[in-house]
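Right, one structure below, let's go through it.
The values are calculated or read from the model by the stated rules, or taken from the named source; none is laboratory data. What you are looking at is a predicted structure, and each value in this text was computed from that prediction instead of being measured. Neighbour counts are summed over all protein chains in view; Cβ atoms, including those assigned to glycine, are modelled from backbone coordinates with ideal geometry.
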Amino acid sequence: MQDPILEIRNLRVLFPVHKKWLPAVDGVDLTIQPGEITGIVGESGSGKSVMSQSVLRLRDHDTAVRYEGEILFEKENLLKWSLKQMRNIRGNRISVIFQDPLNSLSPVHTVESQLMEVLILHKKISKEEAKKKSVQMLKMIGIPNPENCMKKYPFELSGGMQQRVMIAIALACEPKLLIADEPTTALDVTIQEQILYLIQDLNKKLGMSILFITHDLGAVSNLCHSVKVMYLGQIVEDAKTEELFTHPLHPYTKGLLACIPHLAVERRKELPTIPGSVPSLSHIPEGCHFCTRCHEADERCRKMPPPVVEATPGHTVKCWKYAEGGKKNEVGV
Ligand SMILES: Nc1ncnc2c1ncn2[C@@H]1O[C@H](COP(=O)(O)OP(=O)(O)OP(=O)(O)O)[C@@H](O)[C@H]1O
């Protein structure tokens, strides 16, 4: 087996809230193999973005933040790196694409100058080479007339085209890891499909690993090799995609799957929901983080954090229900 591209070990990311350091990410372990697409799903406020942005230390600039644990990228602990070292890795060995391309693209520079800038900065190539490579990138991501697109400003492009340009910039330096944080949420359904197909195609062609963050379980089922379900800063279930969709174990995962709209609409039933909402950081329950919304929770769940149990090989769940009989993973206990 190859060495993993990314290995996150017992990561905690804490923010100061009411004079206390509170964990938005609370003991996450995650491994991504070369070429693998890993999905992170969970409701708003589960800590998906904080966790993925920590890989590139994107929160360091604008807010007080404390990290514990390790983020090993090709065996180097990024949490020990200076911000100067981090700048060299961003957009080069690790890239990120966000939900809203207009927030990531500069409104006052053409597509050409934005694409060329990243290539000249990181790859130290000449202007002519950068221009040639930029046209190739736009072609590869399916922009019909790349030379024409190069001259445009982002506002002159449709939402789908802006997203493609952002992907081209992210991939220009052929990163080993792409972090895609809700990359299709702001797009029309048909364009969503195209962008997901594009990401899948690029993963196959370039062999890069992808950390795919989303609310959309449908997208996960089509795209990802494995899925981690996140709730209030913790991974509560982790399995290969097919296994997770066919044999969900955690009450939270079961709840999320039951909320996929088309199944209920087809049968003209009321759409199920998970009662309540994700608590804020200052209201994290003492025992299992999900206990306040779980219909199966008992006294033990409310008092003691559950262990991580390997229910079947490669399928782990953080829930007391599976604690007896399953194989305990010491890290999560
Ligand atoms: N700078 C900060 N200070 C305090 N709390 C923060 C800060 N940034 C994020 N949080 C909190 O961390 C938690 C996780 O937020 P995060 O944005 O990672 O969730 P998410 O799962 O990505 O949600 P969404 O899908 O809406 O982006 C939330 O409770 C959020 O309020």
Exercise for the section: Please work out if Ile143 is within 25 Å of Gln200 (Cβ to Cβ), part of a loop (DSSP other than H, G, I, E, B) and aliphatic (A, V, I, L, M). Expected result: yes
Practice task
Return a yes/no flag: does the range 198-218 have any residue that is of a type in the set (Asp, Glu) and within 16 Å of the ligand (Cβ to nearest atom).
Solution key: yes
Practice task
Within the range 240-262, identify whether any single residue is over 16 Å from the mean Cα position of the chain (by Cα), within 16 Å of the ligand (Cβ to nearest atom), in a loop (DSSP other than H, G, I, E, B) and surrounded by fewer than 23 Cβ atoms within 10 Å (Cβ to Cβ), and answer yes or no.
Solution key: yes
Practice task
Scan the range 44-80 residue by residue and report those that are surrounded by 18 or more Cβ atoms within 10 Å (Cβ to Cβ), within 11 Å of the ligand (Cβ to nearest atom) and of a type in the set (D, E, K, R).
Solution key: Lys48
Exercise for the section: Could you check, for the range 269-288, whether at least one of its residues is hydrophobic (A, V, I, L, M, F, W, C), assigned by TED's automatic domain parsing to the domain that holds Ile32 and modelled with pLDDT of 95 or more? Expected result: yes
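Which of the helices (runs of 4 or more DSSP H) contained wholly in the range 1-113 include at least 1 residues that are under 14 Å from the mean Cα position of the chain (by Cα) and within 27 Å of Leu157 (Cβ to Cβ)?
Filter on the range 1-113 gives 48-55.
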Problem - Lone unmet requirement of (1) within 15 Å of the ligand (Cβ to nearest atom); (2) modelled with pLDDT under 90; (3) of a type outside the set (Ser, Thr, Tyr) for Gly91 - result: (1)
Problem - Met161 closer than 20 Å to Phe98 by Cβ, in contact (Cβ under 8 Å) with a residue 12 or more places away in the chain and not assigned by TED's automatic domain parsing to the domain that holds Leu206 - result: yes
Problem - Matching residues in the range 182-197 - criterion: being more than 16 Å from the ligand (Cβ to nearest atom) and either touching a residue at least 40 places away in the same chain (Cβ under 8 Å) or surrounded by fewer than 19 Cβ atoms within 10 Å (Cβ to Cβ) (or both) - result: Asp188, Val189, Thr190, Ile191, Glu193, Gln194, Tyr197
Exercise for the section: Evaluate the following for Ala168: is it of a type in the set (A, V, I, L, M), more than 16 Å from the ligand (Cβ to nearest atom) and touching a residue at least 40 places away in the same chain (Cβ under 8 Å)? Expected result: yes
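Quick one: which of Gly233, Gly218 is in contact (Cβ under 8 Å) with a residue 24 or more places away in the chain and at positive phi? Even if it seems obvious, please write down each step before you answer.
Values: Gly218 fails: at positive phi.
Answer to the selection: Gly233.
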